[in-house]
Amino acid sequence: LYINAARVEVNRDNAGNQTMRASGKPVQFGQQLEKDGMVKGQANEVRYASASGIVTLTGNARVERGSDMARGHSIVYNTRTEVYTVSGSKAAGGKGGKRVTVVIQPTK
């Protein structure tokens, strides 16, 4: 897992678990997958918790895996299961929410 950002704060607890908060426009992250390929993403802020393996991307979030792409206000990505959840932001006035975009390519 790599994170490239203008600012990164890292904390470690007594058990050795790390939490990381990276900010910048954009923050970039990537993970080499155990199988083939790589996951890459970017957002205005990225948080990572080593204990859970969860990466949370917030603000103009985007994740790419091969030809697949997901984009929304926030994305929660589990580095262990390689599953991500995409959410839109709240619309002005609290009515409804903004849409997310997901493109999934068919397998060959």
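What follows is calculated from the coordinates using simple rules that are stated; it is not laboratory data. Not measured: the values here are computed from a predicted model. All Cβ positions, even for glycine, are placed from backbone atoms using ideal geometry, and neighbour counts span all protein chains on display.
Run the reach check for residue 108 against lysines, Cα to Cα strictly under 25 Å, same-chain hits fewer than 8 apart removed. What comes back?
Excluding near neighbours in sequence, the set is 35, 40.
Using a simple spin-label model with points 7 Å from Cα along the Cα→Cβ vector, what separation in nm is obtained for residue 34 and residue 103?
According to this spin-label approximation, the distance is 2.9 nm.
Comparing 22, 51, 61, which has the greatest mean-square fluctuation in the GNM of the chain with Cα pairs linked when under 10 Å apart?
The residue with the greatest mean-square fluctuation here is 51.
Show me, for region 60-73, the HN-Hα J-couplings you get by feeding each phi into the Karplus relation (A = 6.51, B = -1.76, C = 1.60, θ = phi - 60°), rounded to Hz, glycine and proline as x.
Taking θ as phi minus 60°, the curve returns 6, 6, 8, 10, 10, 9, x, 8, 7, 8, 10, 9, x, 5 Hz for region 60-73.
Under a GNM of the chain (C-alpha, springs under 10 Å), which listed residue has the highest mean-square fluctuation: 35, 25, 90?
So, out of 35, 25, 90, the one fluctuating most is 35.
Does the chain come out rounded, prolate or oblate, given a ≥ b ≥ c as the square roots of the eigenvalues of its C-alpha gyration tensor, rounded meaning a/c under 1.5 and, failing that, prolate meaning a/b above b/c?
oblate
Anyone know which of 59, 72, 16 comes out most mobile in the 10 Å Cα GNM of the chain?
Fluctuation is largest for 16.
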